[in-house]
1. Among the residues of the range 1-25, what is the count of those that are modelled with pLDDT of 95 or more, part of a loop (DSSP other than H, G, I, E, B) and either more than 13 Å from the chain's Cα centre (by Cα) or exposed (fewer than 12 other Cβ atoms within 10 Å of the Cβ) (or both)?
2. Need pairs with beta-carbon distance below 7 Å; first residue within 17 Å of residue 3 (Cβ to Cβ) and within the range 13-39, second exposed (fewer than 13 other Cβ atoms within 10 Å of the Cβ) and modelled with pLDDT under 95; sequence gap 6+ or separate chains.
3. Name the single residue, out of those in the range 26-52 being exposed (fewer than 13 other Cβ atoms within 10 Å of the Cβ) and outside any helix (DSSP H, G or I), that is modelled with the lowest pLDDT.
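The values are calculated or read from the model by the stated rules, or taken from the named source; none is laboratory data. What you see is a predicted model, and the numbers here were worked out from it, not measured in a lab. For neighbour counting, all protein chains shown are included, and Cβ atoms are generated from backbone atoms with ideal geometry for every residue, glycine included.
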């Protein structure tokens, strides 16, 4: 979902507001923009290592 929202050129804050945590201690709450940034960076790094 975060990737789809990033493709729409939304800011990290806007992406964080639209996402909801589904598991754990913070279930039902929104992630912080820093968490969204970390998730997207990890995804990009994983995708780059698979491609190259």
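1. Of the residues in that region, 6 qualify.
2. Close Cβ pairs (under 7 Å, with a partner that is exposed (fewer than 13 other Cβ atoms within 10 Å of the Cβ) and modelled with pLDDT under 95) amount to 19/1.
3. Looking only at the range 26-52, we keep the residues that are exposed (fewer than 13 other Cβ atoms within 10 Å of the Cβ), and these are 27-29, 34, 38, 41-42, 44-52.
Filter once more, keeping what is outside any helix (DSSP H, G or I): 27-29, 52.
Numbers: 27: 97, 28: 97, 29: 97, 52: 71.
The extreme case among them is 52.
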